[in-house]
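A short write-up of the structure that comes next.
The values are calculated or read from the model by the stated rules, or taken from the named source; none is laboratory data. Model, not experiment: these values are computed from the prediction. Counting neighbours? That spans all protein chains shown, and the Cβs are built from the backbone with ideal geometry, glycine included. For the accessible areas, the whole protein counts, side chains as well, though only heavy atoms, and no ligand, DNA or RNA atoms are used. Shrake-Rupley method; radii C 1.70, N 1.55, O 1.52, S 1.80 Å.
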Amino acid sequence: MEENQSQAARAALHPTIFVIFGITGDLAARKLIPALLSLYAKKMLPQRFAIIGFSRRPFSREEFRELIRTHMNVKPGQFKEEDIKHFLDHMSYEQGIFGDRAGYVRLSERITDIDRRWGQCSNKLFHLSVPPSLYEGILNNLAASGLTEPCADDTGWTRVLIEKPFGRDLDTAQSLDKLLAKLFKEKQIFRIDHYLAKESLQNIIAFRFSNSLFEPIWRREFIDKVHVKIFEQGDISGRGDSYDPIGALKDVGQNHVLMMLATVCMDKPKSFVAEAIRKERAAVLGKLKAASGKSLKECTIRGQYIGYTNEENVPKDSQTETYFRIKSLVNSKRWKGVPFYLESGKALSESKTEIDVYFKSDKKAPTSSADPARAEESQNILTFRIQPDEGIKIKFFVKTPGLEFNVEPKTLKFKYSEQATPGWVIMPNDYERLIHDAFVGDQTLFASTEEIMASWKFIEAVIKSWKNVPLTRYEKGAREVL
Ligand code: BG6
């Protein structure tokens, strides 16, 4: 922690150039620019910093400032006009074709110019906010123009931020990894999965390992099943061209859902530093298998909302899933036999991301029932609510007051939004956190190559098993997909 703080202080002092490839895109608009502006307003960026946007379209200086102003999407009173203006003064634009050397030569000259003006070799952060098919061209051109070469390890470093999806499958993930390993050391590579940066997901680590009440029973002898879910009310809203070739499993399953699973069932790391935490997450993912059974439906469902094939840029005969539910098992001493249900879908009745941990109930407990279909009724359930309404709740049983001995369920709740202390109510933005951590070189909330490869192996096995699984159509706004 102390080391991180001093690293942060150093990074805050050392000049840094942040290059965004794909500055005109959706991610830059929704996440990157608002996060950078907010970090700037909080004085968490180095005093000397520059942001260079790189993209295909030509812009005059004024047009580019206008584009960034739109990206900022500032609500009235959110930032001081003076901060916005000064932030814009730190930004410039380089027009170039992603696969063409000329733009990188100009980018390199622009960066050298800034370094010359500042009189020192700055840190460089390259963010690939573009479709994955462009990664290779960008990385090779960066290398050819000398921009991947750091001046030194501590200052004048070069780091690269890569967005998900990391590859389209195991093969392409491995070749991307090979290319990155040729150009960078592991400590320079920051593979983004923004779910890892969600405050309420990080809280699972704090909660699990700071409360001795739970850790001893965090195992197969006491836990009946775990349900990891990302439900979204929204449909694919205009993303047909990028979504249809991927589908729900690769869009959020291979990354966000598996990172949630890894966080909730990893073993206690030797220490709470990036290397140790990433090692434990990877170990769990390496042991993950899809469950097999007589009834396929019990093990896996893949669904598509009705109307999906009418979305723009979606083929009329698309078989792409917008929903999945997979029963999986973690083949370890701690978890052998415990089913982990992984579920996510678009166009469902509500948006909620949570993890439910169901505890086994005592067969002789007053609440227990002989009917297996009613097993859940007598179980304690611990729910980590990742979003919205971030918090934790526990279902437990108490005696109903009265002369008879009756027992009923109640809930203990902790909600961030109900805390009186300022700072608890507004969740820190995930991209602010990621950008900040990339500045200070903390890789805890970024995926390691081992985690990515293990998750692809699991996903590929699931996709193979899906050959025999027909698509289930569901109505938009469905509560359940069966
Ligand atoms: C993205 C997916 O990675 O995560 C989207 O591509 C999904 O399809 C989004 O909607 C969910 O993220 P969040 O932070 O809005 O829950």
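Ignoring everything but the protein chains, give the 1.4 Å probe accessible area of Trp335 in square angstrom, nearest 10.
About 10 Å², rounded to the nearest 10.
Once neighbouring chains are kept in place and the probe is 1.4 Å, which whole percent of the accessible area of segment 196-474 is contributed by carbon and sulfur?
C and S atoms contribute 53 percent here.
To test your reading of the geometry: what angle, between 0 and 90 degrees and rounded to tens, separates the Cα axis of helix 199-210 from the longest principal axis of the chain?
Rounded to the nearest ten degrees, it is 60.
When the accessible area of segment 118-171 is computed with all protein chains present and a 1.4 Å probe, what percentage of it is carbon and sulfur? Walk me through the numbers before you get to the answer.
Values: 910 of 1990 Å².
Carbon with sulfur: 46 percent of the solvent-accessible area.
Over what distance in Å are the Cα centres of segment 328-358 and segment 148-170 separated?
Taking the Cα centre of each part, segment 328-358 and segment 148-170 sit 32 Å apart.
Of all DSSP beta bridges located in the chain, what percent are antiparallel, nearest 5? Let's see the in-between values first.
On the way: 45 of 81 bridges.
Of all bridge pairs located within the chain, approximately 55 percent are antiparallel.
Sort Lys364, Lys415 by accessible area with a 1.4 Å probe, largest first. All intermediate terms of the calculation are to be shown ahead of the outcome.
Details: Lys364 185, Lys415 55 Å².
Sorted by accessible area, descending: Lys364, Lys415.
Tell me the net charge near Phe222. Cut-off is 12 Å between Cβ atoms, Phe222 excluded, with +1 for each Lys or Arg and -1 for each Asp or Glu.
Numbers: positive: Arg219, Arg220, Lys225, Arg334, Lys360; negative: Glu215, Glu221, Asp224, Asp362.
It works out to a net charge of +1.
Less than 19 Å apart at the alpha-carbon level, and either on another chain or at least 8 residues along: which lysines does that give for Lys464?
Lys250, Lys287, Lys289, Lys294, Lys297, Lys327
If Ile326, Ile306, Ile426 are ordered by their accessible area, calculated over protein heavy atoms with a 1.4 Å probe, which sequence runs from highest to lowest?
Working: Ile326 5, Ile306 90, Ile426 140 Å².
My answer, sorted largest first, is Ile426, Ile306, Ile326.
Kindly provide the GluC sites (Glu not before Pro) of segment 383-482 that DSSP labels as loop, not H, G, I, E or B, and whose Cβ sees at most 14 other Cβ atoms within 10 Å. Don't skip to the end; give the middle numbers.
Numbers: sites: Glu390, Glu404, Glu418, Glu432, Glu450, Glu451, Glu460, Glu475, Glu480; in loops: Glu390, Glu404, Glu475, Glu480.
Those that pass, being in a loop and sparsely packed, are Glu404, Glu475, Glu480.
Give me the aspartates and glutamates in straight-line cross-link reach of Lys395: C-alpha distance below 18 Å, same-chain residues under 8 apart excluded.
Result set, ordered by chain and number: Glu215, Asp224, Glu354, Asp356, Asp362, Glu376, Glu377, Glu408.
Would you check the accessible area of Cys299, probe 1.4 Å, heavy atoms only, in square angstrom rounded to 10?
In the full protein context, Cys299 sits at about 10 Å².
Would you mind listing how long segment 2-163 runs along its three principal axes, going by Cα atoms, in whole Å with the largest first?
Cα extents, longest axis first: 44, 39, 29 Å.
How big is the shadow of the Cα convex hull of the chain, averaged over all directions, in nm²?
Details: hull surface 103.3 nm².
With every direction weighted equally, the projected area is 25.8 nm².
Between the alpha-carbon centers of segment 384-450 and segment 452-482, tell me the distance in whole angstrom.
28 Å
Which value, in debye to the nearest 20, describes the size of the charge dipole of segment 2-163 about its Cα centre when Lys and Arg Cβ atoms bear +1, Asp and Glu Cβ atoms bear -1, and nothing else is charged?
Working: 21 positive and 20 negative charges, 80 e Å.
I would put it at about 380 debye.
In the full protein assembly as shown, how much of His14 is accessible to a 1.4 Å probe, in Å² to the nearest 10?
In the full protein context, His14 sits at about 30 Å².
About the Cα centre of segment 170-313, what is the dipole size in debye to 20, counting +1 per Lys and Arg Cβ and -1 per Asp and Glu Cβ, all else neutral? Don't skip to the end; give the middle numbers.
Numbers: 23 positive and 19 negative charges, 158 e Å.
For segment 170-313, the charge dipole is close to 760 debye.
Would you mind estimating how fast segment 258-332 diffuses translationally, via Stokes-Einstein at 4 °C and 1.567 mPa s with the Kirkwood radius over Cα pairs, in µm²/s?
Numbers: Rh = 15.1 Å.
So the translational diffusion coefficient is about 86 µm²/s.
Which log10 I(q)/I(0) values does segment 232-299 give at q = 0.17, 0.29 Å⁻¹ under the Debye formula, counting every alpha carbon as one identical point scatterer?
Here the Debye-derived log intensity ratios amount to -0.81, -1.20.
Calculate the dipole size of segment 329-475 relative to its Cα centre from +1 charges on Lys and Arg beta carbons and -1 charges on Asp and Glu beta carbons; express the result in debye to the nearest 20. Display every interim value, and only then the final one.
Values: 21 positive and 21 negative charges, 135 e Å.
Charge dipole, segment 329-475, about its Cα centre: 640 debye, nearest 20.
For the chain, just give the cysteines left without a disulfide-compatible partner, judged by no other Cys Cβ under 4.7 Å.
Cys265, Cys299
Per residue Cα convex hull volume for segment 131-183, in cubic angstrom?
On the way: hull volume 4.3 nm³, N = 53.
Here the figure is 81 Å³ per residue.
Please sort 178-191, 210-223, 47-60 by packing, taking for each peptide the average over its residues of neighbouring beta carbons within 10 angstrom, highest first.
Working: 178-191: 16.1, 210-223: 12.5, 47-60: 17.7.
Most protected by this proxy first, the peptides run 47-60, 178-191, 210-223.
Using just the alpha carbons, could you tell me how many Å³ per residue the convex hull of segment 198-323 encloses? Write down the numbers at each step before the final one.
Values: hull volume 19.0 nm³, N = 126.
Per-residue hull volume (Cα only) is 151 Å³.
Give me the Å³ per residue figure for the convex hull around the C-alpha atoms of segment 196-474. Please report the intermediate quantities before stating the final value.
Values: hull volume 46.4 nm³, N = 279.
Per-residue hull volume (Cα only) is 166 Å³.
Could you sort out which of Lys225/Lys415; Lys225/Lys336; Lys333/Lys364; Lys124/Lys182; Lys279/Lys360 sit more than 22 Å apart by Cα distance in this structure? Display every interim value, and only then the final one.
Details: Lys225/Lys415 24 Å; Lys225/Lys336 11 Å; Lys333/Lys364 26 Å; Lys124/Lys182 18 Å; Lys279/Lys360 29 Å.
Beyond 22 Å between Cα atoms: Lys225/Lys415; Lys333/Lys364; Lys279/Lys360.
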